[in-house]
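Derivation of every value follows stated rules applied to the coordinates shown; laboratory data play no part. Quick caveat: nothing in here was measured; it's all calculated off a predicted structure. Positions of Cβ are backbone-derived with ideal geometry, glycine not excepted, and every protein chain shown enters the neighbour counts.
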Amino acid sequence: MAQANAARQRHREVKLLEDAEQYLTCGVGEETFALSVAQVREVLDLCPCSKVPNLPPFVRGMISVRGKAVPVVDLRVKFGMTETPASDSTRIVVLEVVVEGRSLVIGALCDRVYEVTALDAGDIEPPPEIGTRWRSEIIRGIGRRHDKFVIVLNLNQVFAIADLRQAGP
């Protein structure tokens, strides 16, 4: 009987893990964001970006990742926050996003990267229509981690092609 109960408990725990999606949590300003690990290729230490003319102001430049040119988007600027100098914690999260049916590799400049964690889909609430400064289409939902709100981003919407095509000043 005890073995059967233990087996059922393990099955429930495995089911909970299967139902939870894995996210990389990162900080930008005072906010904590969750990025689906299915779209994260790697996390890099900060490296110099090559400037490219006529890019939108939120695109810092290009870096080489395994021989491929990758644009780096400063999430602070993209989200309308004040630009700040990089620190020892600043990281570039290399992401694969799908925009207009095309797969793009983009670097996202974050102030810090925390951890990979599981968030249960049932615990993620829809984005609020009011009370947030973020456009609701870029947010998949709001979750909680360590008693703090975590904004689950819809990465394919964050990096919309229209935004990436904007000409700089």
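One decimal place: the segment Ala160-Ser87 gains 23.5 nm when fully extended, by the rule 0.36 nm per residue minus the C-alpha distance. Label-to-label distance, Arg112 versus Ala38, with points set 7 angstrom from Cα along the beta-carbon direction: 2.9 nm. Between Ala108 and Val73, Val93, Val94, Leu95, the built amide H atoms are under 5 Å apart, and every one of these is 5 or more places off in sequence or on another chain.
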